[in-house]
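Visitor: Can you keep this structure in mind? I'll have questions shortly.
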Amino acid sequence: MLQGQATDLGNTTVFASLVGGGELHFLDEDAVTDPAAVRGYLTGHGIDCLKAVPSHVAALGADAVESVESLVLGGEAAPASLVRELLGSGEGRSVFNHYGPTETTI
């Protein structure tokens with residue numbers, strides 16, 4: 001997990017994983033700001049789905065998440081340029097916008 005649990009962004013990750021029979025991974029606080037550490041963890045553990053805020057993914061760089069097949073971006077608006085970069089950096093990758101639905105219902 002790359003975001004805190006105090007927000008709906010983190011909670012939807014936990015509940016979706018539990019309901020879907022998935023496995024949650026929590027990275028150390030120091031690791032989530034290190035692009036090489038994130039990339040190594042995602043690749044080394046075969047993480048295929050990641051939910052994060054767009055600014056965090058942008059700060060890490062598309063290379064840090066290149067092994068991820070499904071990216072869910074939420075918590076803030078995702079710039080079109082970032083989405084294009086993410087779609088272009090992963091073969092067959094899907095990028096989903098999760099910004100808006102929760103913000104409009106809370």
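FYI, it's all coordinate maths here, none of it is from the lab. Just so it is clear, the model here is predicted, and its values are computed rather than measured.
Visitor: Calculate how large, on average over all directions, the projected area of the Cα convex hull of the stretch 46-86 is; give the answer in nm² to one decimal.
Guide: Working: hull surface 10.2 nm².
Average of the hull's projected areas for the stretch 46-86 equals 2.5 nm².
Visitor: Additional query: How much length is gained on full extension from Arg84 to Thr43, taking 0.36 nm per residue of separation minus their Cα-Cα distance? Provide the component values of the computation, followed by the final result.
Guide: Working: separation 41, 0.36 × 41 = 14.76 nm, distance 2.15 nm.
Separation in residues times 0.36 nm, less the Cα-Cα distance, equals 12.6 nm.
Visitor: Once you have the alpha carbon radius of gyration of the stretch 23-106, what is it after dividing by 2.2 N^0.38 Å, with N set to its residue count? Let's see the in-between values first.
Guide: Numbers: Rg = 12.5 Å, N = 84, 2.2 N^0.38 = 11.8 Å.
That ratio works out to 1.06.
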